[in-house]
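These notes concern the structure reproduced below.
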Amino acid sequence: ELEIHFTGTLNDKMAGFYRSKYIVDGEERWMATTQFESTDARRAFPCWDEPALKSKFRVSLTIPSHLSALSNMPVAKKEERGDKQTFYAFEETPIMSTYLLAFIVGEFDYVEDKTKEGVDVRVYTPLGKSEQGKFALHMATRTLSFFTEYFGIPYPLPKSDMIAIADFSSGAMENWGLITYRETALLIDEKNSSVTNKQRVAYVVAHELAHQWFGNLVTMEWWKELWLNEGFATWVGNLATAEFYPEWDIWTKFSSDYFSRAQGLDSMLTTHPIEVEVYNSAEIDEIFDLISYCKGASVIRMVATYLGEDAFKEGLNIYLTRHQYANATTDDLWRALAESSKKDVKGFMDNWIKRPGLPVLSVQQNSENPTELQITQERFLSSGAKATDDQNSVWNCSIGIATDKTKEPVFIGFNEANGKISIPREFVADPSDWIKVNAGQSGFFFVQYSPEMLSNIVPAVREKKLNALDRIGLLSDAYSLTKAGRMSTSDLLELLRGYQEETEYTVLSEISSVLRAVKTVFDSLPTSGEFDSFASAFFAPTVEKLGWDTRSGDSDLDKLLRVLAISAASHFGDKTVIDEALKRFESGSFDSDLRGTIYKIAVKHGDIQQYEKMLEVYKDADMHAEKLQAFTALGATTNEELKKRTLSFALSDQVRSQDLVYGPSSTTGTLDGTRITWEFLKEHWSEFCEKLAASGYLLARCIQYSASGFLSEDKAAEVEEFFAANPTPQADRAIQQTLESIRSKASWFTRDGETVQSFFESS
Ligand SMILES: [Zn+2]
């Protein structure tokens, strides 16, 4: 038996055992809390701090009597110790990893409920705000029961607590039985919060609860398999959200929020395989990224579709039962899924997990035999470069096919660099029939159609014979192909004409992203005004139709659509929309869903007066979500001095370091904004490093936001030089990705500037 006596520091770094400030009636107070993932339990106490070295923990705390204490397990014993001190001993935990331990000391209120299986669930909130925990509580109790059924294993602990922490570096942390959240990821004020806020809370709660099984009960063997935790929790978090909020159309939204974003990053040469060797804390920090979360979730969705839901569920149950209270590897998961499905899951999945990047499938229909498709696959690089033999691979694809005659996609396997597939004859009769390849968007690859196939499919988009998911997929693939020079920007714009009658929120949301991205690259052309008119025309009819005020009977998607349309129309310079927003900002008459958008428009198109007013809103706002809306609105100003003031404000002690990143994320978005922000970042580099010392992830995001909007080789070289002189190992990969992204956009502009200009001059 080894006994160690030690003292530690209650630090200010949002890592290890740290303090967080909160305000009660204008008075500053402090709470103490923990954040141990990935490698910070060792900041709090001596330990073998690796996920596979599991242990049982008995936590006890002696604290000032006016405060309360929480930990992973329920309180076993509580005693007054005199001198206004109270002793808490918590029940022993099951065997678990160090990174999941937690203890918290402070003042809280809470709301509570029980699941139908009898698990106690509490949501702890700041004093006086317990009402704001109700939405999350309702989601949590239902989700725990849903997962109990879905995984076929009861929730492993007697209680599940969730708590909002004012200073918090990530979104949330799945500590076993005591989940910590950023305020914006847990608290909802029914009167004040938007649908977007609710979507975030519902999803994050489900994601963290999924970890209670996937990650906590069965833990990855080592950090290189982080994706097992995060990819899975991301997928199943969406699954639970879709279960309880079918009206949100979650899986369609998934294709733009997760799938396309992951494809974007994975198209770079500087991406990494899902499963990647990591040897130190900085490297571990770096893989909490879109690849582990979003590509991870996308390939889970792909394999679930491939195996079918029943076999997939049964395999999960085998995996979780076999490895509970222990550790597991990716191969263990494949083995369990192979047992339930009788398929070679490892063979199907290995390249998706172990190789970096993703393929593009180039598809050509046989003009003699319309049921036959000739397909080649190769690794897709958004820089437009051709993958070398080393970089290339052959991926195992399960290709969904939809035509006018299929009800559900038909799946056909393809595992060659170059080959043919045959579509059953009853689904295609004629070479002019449209065929959607990767129907349902479950395959993590791009599709490039022959010109004939593409022109067949455009009418199906216009007539909405293609469902929303496939309309999004077609456009998002075309956008990526364009960026890489496999399609010309004028052809992309031509394709977009097929979407001019679009009315669905999820599809318009993708259209908006594509148009915004094209605008940032080609905004310096003399035809930028024509581009703006072209772009705003997609949204003006929706603004007209939905109006500015919530109508009785509006669905959540109507509310989201209204915000999207107003935001996009104003972004593309729609004068009527901008004027109305300014008017409403002055009068203060707008719904909570529109608040963030109206703030932004007012500051962007207003002057110092609107800016000052927004600063006041920031200071007075009670909900943290509203503070952030005000803060990001400050960044939208087009005035150089005010932009700098926003960035200085971000570094001041009026903004918590967890929110610093919203400075550079909101002041950029235009070339001018990028220039100002990058200069500021360079000048204040040591302050950024100091504030985010223990949060490599946030520092990396600051760098990406500040520099990735540049569009020239000169600027890429300047950024490269700066980081050569200021090495930043915890953001190394993010810096490489930023450089690659600048260079890709520079060559896109050079390649297509003229065709974009002539597209608008001739139309
Ligand atoms: Zn997670």
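The values are calculated or read from the model by the stated rules, or taken from the named source; none is laboratory data. What you see is a predicted model, and the numbers here were worked out from it, not measured in a lab. Please note: Cβ atoms are built from the backbone with ideal geometry, for glycine as well, and neighbour counts cover all protein chains shown. Heavy atoms of the whole protein, side chains included, go into the accessibility calculation; ligands, DNA and RNA do not. Shrake-Rupley method; radii C 1.70, N 1.55, O 1.52, S 1.80 Å.
Side notes on the structure shown:
- Flag if Asn192 is over 14 Å from the mean Cα position of the chain (by Cα), buried (at least 24 other Cβ atoms within 10 Å of the Cβ) and outside any strand (DSSP E or B): no
- Residue tally, condition part of a helix (DSSP H, G or I) and either assigned by TED's automatic domain parsing to the domain that holds Asp593 or within 12 Å of the ligand (Cβ to nearest atom) (or both), over region 195-240: 21
- Residues of region 320-348 that are charged (D, E, K, R) and open to solvent by less than 40 Å² (accessible area, probe 1.4 Å): Asp332 alone.
Residue-wise test of (1) closer than 18 Å to Ala569 by Cα; (2) in contact (Cβ under 8 Å) with a residue 12 or more places away in the chain; (3) open to solvent by less than 40 Å² (accessible area, probe 1.4 Å).
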site	(1), (2), (3)
Leu475	no, yes, yes
Ala478	no, yes, yes
Leu481	no, yes, yes
Ser488	no, yes, yes
Leu495	no, yes, yes
Glu510	yes, yes, yes
Leu515	yes, yes, yes
Val518	yes, yes, yes
Ser524	no, yes, no
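- Residue in region 7-14 that is open to solvent by 20 Å² or more (accessible area, probe 1.4 Å), closer than 30 Å to Gln324 by Cα and not β-branched (Val, Ile, Thr) present: no
- Some residue of region 176-189 being out of contact with any strand residue (DSSP E or B) (no Cβ under 9 Å at 6 or more places or on another chain) and farther than 27 Å from Gln730 by Cα: yes
- Assessment of region 241-259 against the conditions (more than 15 Å from the ligand (Cβ to nearest atom), in contact with a helix residue (DSSP H, G or I) (Cβ under 6 Å, 6 or more places away or on another chain) and of a type in the set (A, V, I, L, M)) yields at least one matching residue.
- Residue match in region 463-484 (condition: out of contact with any helix residue (DSSP H, G or I) (no Cβ under 9 Å at 6 or more places or on another chain), among the acidic types (Asp, Glu) and in the same structural domain as Glu378 (by TED's automatic domain parsing)): no
- Residue among Glu149, Glu183, Glu174 that alone is of a type in the set (D, E, K, R), touching a residue at least 12 places away in the same chain (Cβ under 8 Å) and open to solvent by 10 Å² or more (accessible area, probe 1.4 Å): Glu183
- Strands (runs of 3 or more DSSP E) fully within region 387-461 counting 3 or more residues that are without any contact (Cβ under 8 Å) to a residue 60 or more places away in the chain: 397-403, 410-414, 418-422
- Taking the listed residues Thr371, Thr376, Thr403, the one that is among the β-branched types (Val, Ile, Thr) and open to solvent by 20 Å² or more (accessible area, probe 1.4 Å) is Thr376, with no other qualifying.
- Helices (runs of 4 or more DSSP H) fully within region 284-345 counting 1 or more residues that are within 23 Å of Met96 (Cα to Cα) and away from the ligand (no atom under 16 Å from the Cβ): 309-323, 330-341
- Index of the failed condition, Val278 passing every other in (1) part of a helix (DSSP H, G or I); (2) under 20 Å from Pro729 (Cβ atoms); (3) touching a helix residue (DSSP H, G or I) at 6+ places or on another chain (Cβ under 7 Å): (1)
- Qualifying positions in region 565-580 - part of a helix (DSSP H, G or I) and either more than 27 Å from Gln500 (Cα to Cα) or open to solvent by 30 Å² or more (accessible area, probe 1.4 Å) (or both): Ser567, His571, Lys575, Thr576, Asp579, Glu580
- Within region 556-595, the set of residues being under 17 Å from Asn197 (Cβ atoms) and touching an Asp or Glu at 6+ places or on another chain (Cβ under 6 Å) comprises Asp556, Lys559, Val563.
- For region 220-228, the criterion of a residue being within 14 Å of the chain's Cα centre (by Cα) and surrounded by fewer than 24 Cβ atoms within 10 Å (Cβ to Cβ) is satisfied by no position.
- Number of the exception - Asp591 against (1) modelled with pLDDT of 95 or more; (2) within 28 Å of the chain's Cα centre (by Cα): (1)
- From Asp109, Asp83, Asp120, residue being closer than 29 Å to Trp235 by Cα, surrounded by fewer than 21 Cβ atoms within 10 Å (Cβ to Cβ) and either of a type in the set (Ser, Thr, Tyr) or free of Cβ contacts under 8 Å to residues at least 60 places away in the same chain (or both): Asp120
- Hits in region 737-763 - residues which are among the polar types (S, T, N, Q) and assigned to a helix (DSSP H, G or I): Gln737, Thr738, Ser741, Ser744, Ser747, Thr750, Thr755, Gln757, Ser758, Ser762
- Counting only helices (runs of 4 or more DSSP H) that sit wholly inside region 581-693, those with at least 2 residues that are without any contact (Cβ under 8 Å) to a residue 40 or more places away in the chain, under 29 Å from Lys745 (Cα atoms) and open to solvent by 60 Å² or more (accessible area, probe 1.4 Å) are 595-605, 640-651, 671-683.
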